[in-house]
Amino acid sequence: MDRQGFGVAAVLRLTGISYRNLDYWARTGLVRASIRAAGGRGTRRLYAFEDLVALRVVKQLRGAGIPLQAIRRAVRYLQMHAEKPLTTLALIADGKRVLVNSGDPRTMIDATSEGQVVIAIDVAPIRKHLTDGVTQMSAERSIAVRVRGYSYAVVLTPDLEVGGFTITVPELPGCLSESDTVAEARGMAREAIGLWLEATQLAAGEGSPKRAARAHR
């Protein structure tokens, strides 16, 4: 997947972690937003897809009972010694330890220390789950909006970076708007279409909005 950026709202939805954990892990350096960090009031973190995978890995390790301090030690060790990033490794957690599959079935890397019950964590399904989620969240949707007696097909394109939707009307070139929700999109689209028709009629001297729309198909 290319270097698409994900805002906080999309990250929370895709990873299932809480905002409190996301913010704490970013501020303490466990999993930072690698595309853009928060730099003060008005700035927003922007995460890469690999960051989402790392967040899910950390969440799963926490769910397996690994203390946060042990996870931090493991992440620091992997950053310093592992040739592959955390998001491509196969990990095994046993109580307090995080073991890393080095690629040789005869050896394991102990990234922390101590442990008891062993469970396996495969990163590949996490990547697939997140990829499917991004595809689903990125999918365009279409709604019909009626303005001045004529129905227009309106396309809503999700913006995973800042949230909300970009609104376009294919049969009216340059007719654009934005909305935070699908419910709000209908009203914003109706307003944008009305303004587009008024501007077009004034410029071209066309008598009806239906004729103005047809002239630009």
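For the reader, a short list of remarks on this structure follows.
- Filter result (modelled with pLDDT under 60 and within 27 Å of the chain's Cα centre (by Cα)) within region 93-146: Ala120
- Selected residue (criterion: farthest from the chain's Cα centre (by Cα)) from residues of region 195-217 that are within 18 Å of Ala144 (Cα to Cα) and modelled with pLDDT of 90 or more: Leu197
- So Arg62, is it modelled with pLDDT under 85 and either outside any helix (DSSP H, G or I) or over 18 Å from the mean Cα position of the chain (by Cα) (or both): no
- Residue selected from region 73-90 under the condition within 24 Å of the chain's Cα centre (by Cα) and at pLDDT 65 or above, by the criterion farthest from Lys128 (Cα to Cα): Val75
- For region 147-162, the candidate set comprises residues that are assigned to a strand (DSSP E or B) and over 28 Å from the mean Cα position of the chain (by Cα); within that set, the residue that is farthest from Thr181 (Cα to Cα) is Tyr150.
Yes/no matrix, rows are residues, columns are (1) in contact with a strand residue (DSSP E or B) (Cβ under 8 Å, 6 or more places away or on another chain); (2) part of a loop (DSSP other than H, G, I, E, B); (3) surrounded by fewer than 14 Cβ atoms within 10 Å (Cβ to Cβ):
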site	(1), (2), (3)
Val11	yes, no, no
Asn21	no, no, no
Gly29	no, yes, yes
Ala33	yes, yes, no
Val58	no, no, no
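- Some residue of region 179-194 being assigned to a helix (DSSP H, G or I), at pLDDT below 90 and either in the same structural domain as Gly149 (by TED's automatic domain parsing) or acidic (Asp, Glu) (or both): no
- Residue selected from region 35-56 under the condition without any contact (Cβ under 8 Å) to a residue 12 or more places away in the chain and of a type in the set (Gly, Ala, Ser), by the criterion surrounded by the most Cβ atoms within 10 Å (Cβ to Cβ): Ala37
- Residue in region 169-177 that is touching a Leu at 6+ places or on another chain (Cβ under 9 Å), in a loop (DSSP other than H, G, I, E, B) and in contact (Cβ under 8 Å) with a residue 40 or more places away in the chain present: yes
The values are calculated or read from the model by the stated rules, or taken from the named source; none is laboratory data. For clarity, every value in this text was computed on a predicted model and none was experimentally measured. For neighbour counting, all protein chains shown are included, and Cβ atoms are generated from backbone atoms with ideal geometry for every residue, glycine included.
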